[in-house]
1. So which strands (runs of 3 or more DSSP E) stay within segment B:64-114 end to end and still have 2 or more residues that are under 30 Å from residue A:57 (Cα atoms) and under 10 Å from the mean Cα position of the chain (by Cα)?
2. Specify the residue that is farthest from the other protein chains (Cβ to nearest Cβ); the eligible residues are those in segment B:20-29 that are in contact with a strand residue (DSSP E or B) (Cβ under 7 Å, 6 or more places away or on another chain) and assigned to a loop (DSSP other than H, G, I, E, B).
3. For segment B:11-63, how many residues are of a type in the set (Gly, Ala, Ser) and under 12 Å from the mean Cα position of the chain (by Cα)?
4. What tally of residues in segment B:30-49 results from selecting those that are surrounded by 19 or more Cβ atoms within 10 Å (Cβ to Cβ) and not polar (S, T, N, Q)?
5. Considering segment B:2-19 alone, what residues qualify as being in a strand (DSSP E or B) and touching a Leu at 6+ places or on another chain (Cβ under 9 Å)?
6. Just checking, does segment A:76-97 include any residue being within 14 Å of another protein chain (Cβ to nearest Cβ) and among the basic types (Lys, Arg)?
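Values in this text are rule-based calculations from the coordinates and carry no lab data. Predicted, not measured: the structure shown is a model, and the values here were computed from it. Note: ideal-geometry Cβ built from the backbone for every residue, glycine included; neighbour counts use all protein chains shown.
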Amino acid sequence: EDQVTQSPEALRLQEGESSSLNCSYTVSGLRGLFWYRQDPGKGPEFLFTLYSAGEEKEKERLKATLTKKESFLHITAPKPEDSATYLCAVQAYETSGSRLTFGEGTQLTVNP
Amino acid sequence: NAGVTQTPKFRVLKTGQSMTLLCAQDMNHEYMYWYRQDPGMGLRLIHYSVGEGTTAKGEVPDGYNVSRLKKQNFLLGLESAAPSQTSVYFCASSYGPRQRYGYTFGSGTRLTVV
């Protein structure tokens, strides 16, 4: 059974204070690892897809990295508008319907 | 450029009542999904469809039924609502097996069963 564990559950940062979110996963053959951002009252919004260990993707202040057992979402010099819940999900090669298994998310608050 | 549209956005049901949640996508996606999101539980897959006329069970299918009569629509039905079905329901869609761009999600339906 595929499993995704995200830590910490919640993170408070001051504006400009860089940090990282963790996503540990167990999957029988990783096809892809996904990061989403979810704002209150809205659906998750796609950020990145990572396919293999060593891969990195960047978007503005966000950088996602992948190893064989975990992924990190690095946030550099965050701003208050980066406050959101960040979700990690995995897709396994053997999963029918290309289903994603999601973690519970990390709620990030960036204070001005 | 609507993406994935869910209706209704909010609903309150009494225990035992039935209702249908509608999901419509205009991106010509083959795959569609229904998830529920609960505090401390994350997103859990209810049912999914890999094409028009097909449906399959996900992780938590009990108490729900689905239909995909048209490619662009995916309906989620609750035949006899229970308080345990109080949740936020999200519909999502994707092109197919290669999830290069992940899912596109709707904005959700907040359902309360009293």
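1. Once the strands (runs of 3 or more DSSP E) in segment B:64-114 are filtered for at least 2 residues that are under 30 Å from residue A:57 (Cα atoms) and under 10 Å from the mean Cα position of the chain (by Cα), what remains is B:87-94.
2. Filtering first and then ranking leaves B:27.
3. So the answer is 3.
4. 12
5. B:5, B:6, B:7, B:10, B:11, B:12, B:13, B:19
6. The answer is no, given that none of the residues of segment A:76-97 is within 14 Å of another protein chain (Cβ to nearest Cβ) and among the basic types (Lys, Arg).
Conditions tested, residue by residue: (1) aliphatic (A, V, I, L, M); (2) within 12 Å of chain A (Cβ to nearest Cβ); (3) touching a residue at least 24 places away in the same chain (Cβ under 8 Å).
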residue	(1), (2), (3)
B:31	no, yes, yes
B:41	yes, yes, no
B:46	yes, yes, yes
B:55	no, yes, no
B:63	no, no, no
B:66	yes, no, yes
B:103	no, yes, yes
B:107	no, yes, yes
